[in-house]
Structures are given as C-alpha cells and as structure tokens.
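Taking it in order: structure first as structure tokens, then the write-up.
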Amino acid sequence: MSTELPEYYFRVRENGAAVFRLDTENRQRRIEMDQIAVANIRNGEIKPHGDRTLTEADLTEIRAWMEQRRNVLAHRDIDDIHRAVDYLNLTTHWVQSKATDDQLEAVTDALLLAMHDLRSTLVRKKADRLLKD
C-alpha cells in the first residue's frame with residue numbers, strides 16, 4: 001500500500017459518487033474527509049456540496065473519475081452478459097442431468113417466459129441492425 005493518499009475520495013453511489021477532499025495535514029495526522037461535491041454519471045452533473053465552490057482542479061479530477069467509472073460500468077455490463085450465457089449453459093446441463101421433476105416444475109414457466117422474451121428482443125434487434133445495412 002502506498003504511503004501517500006490521493007487528494008480525492010469517491011464514495012460510490014448508485015448514480016455516481018459523493019466526492020471528498022482528503023486532508024492529513026492536521027495536528028493529529030488523522031484523515032479528514034471533507035465532502036465537496038456530488039457527481040452524477042448518468043446525466044453528467046457535478047453539484048458542489050453546500051456552499052462550496054469547486055476549483056478547476058476539482059472539476060478536472062471529478063470528470064476524469066466519472067469517465068473512468070463509466071468505462072468500468074460498461075465493462076461490467078458486457079461481462080455480466082457473458083456470465084448470463086454461461087449460466088444458460090449451466091442451466092441446460094442442470095435440466096438435462098440433475099433436475100428433479102419438482103425442481104423443473106418450479107422453474108420451467110419462468111425460464112420459458114424469460115427465454116421467449118430474450119429471444120424475441122434479440123431477433124428484433126438483429127433485424128433492425130440488418131435493415132440498417
């Protein structure tokens with residue numbers, strides 16, 4: 001672990017983060033976290049906290065974090081989809097080799113409806129892409 005703390009700390013929230021400036025330059029050498037803003041990655045808003053005025057350096061750091069966060073979330077989205085494909089394959093194997101009649105009765109309708117919905121949406125989206133070309 002590095003001995004130097006970053007100047008900013010981002011407490012992740014559902015739509016972005018609460019942004020804090022870190023300070024250790026005090027008598028007790030304690031870490032003080034002073035909230036300076038709230039960043040919303042969905043709409044790009046950066047709202048100063050309370051009566052704060054954000055510096056250009058603050059805004060630059062917050063915007064850089066927002067861009068990095070969007071990239072992380074986009075990567076997670078596609079990773080989740082790849083995992084869903086794996087789960088579908090594992091589910092198929094479970095249905096074929098391990099599931100009891102009672103277990104199948106409990107999940108079949110929900111799985112069939114979800115798969116029908118997914119298939120319909122995928123087919124429609126693929127047709128839209130083909131028609132664009």
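The values are calculated or read from the model by the stated rules, or taken from the named source; none is laboratory data. Given the structure is predicted, the values throughout are model-derived calculations rather than measurements. For neighbour counting, all protein chains shown are included, and Cβ atoms are generated from backbone atoms with ideal geometry for every residue, glycine included.
Among the conditions (1) closer than 21 Å to residue 10 by Cα; (2) modelled with pLDDT under 95; (3) out of contact with any Phe, Trp or Tyr (no Cβ under 8 Å at 6 or more places or on another chain); (4) not β-branched (Val, Ile, Thr), residue 27 misses just one, which is (1). Residue 78 passes every criterion in (1) among the aliphatic types (A, V, I, L, M); (2) assigned to a helix (DSSP H, G or I); (3) surrounded by 10 or more Cβ atoms within 10 Å (Cβ to Cβ); (4) free of Cβ contacts under 8 Å to residues at least 40 places away in the same chain apart from (3). Residue-level check: of (1) surrounded by 11 or more Cβ atoms within 10 Å (Cβ to Cβ); (2) not assigned by TED's automatic domain parsing to the domain that holds residue 14, residue 133 misses just (1). Looking only at residues in the range 40-75 that are of a type in the set (Lys, Arg) and surrounded by 11 or more Cβ atoms within 10 Å (Cβ to Cβ), the one that is farthest from residue 17 (Cα to Cα) is 52. Only residues that are under 20 Å from residue 50 (Cβ atoms) and at pLDDT below 90 were counted in the range 3-24, giving 1.
For residue 23, the conditions (1) over 30 Å from residue 116 (Cβ atoms); (2) under 23 Å from the mean Cα position of the chain (by Cα) are fulfilled apart from (2).
Listed residues 127, 110, 74; which is at pLDDT 95 or above, assigned by TED's automatic domain parsing to the domain that holds residue 16 and of a type outside the set (D, E, K, R)? It is 74.
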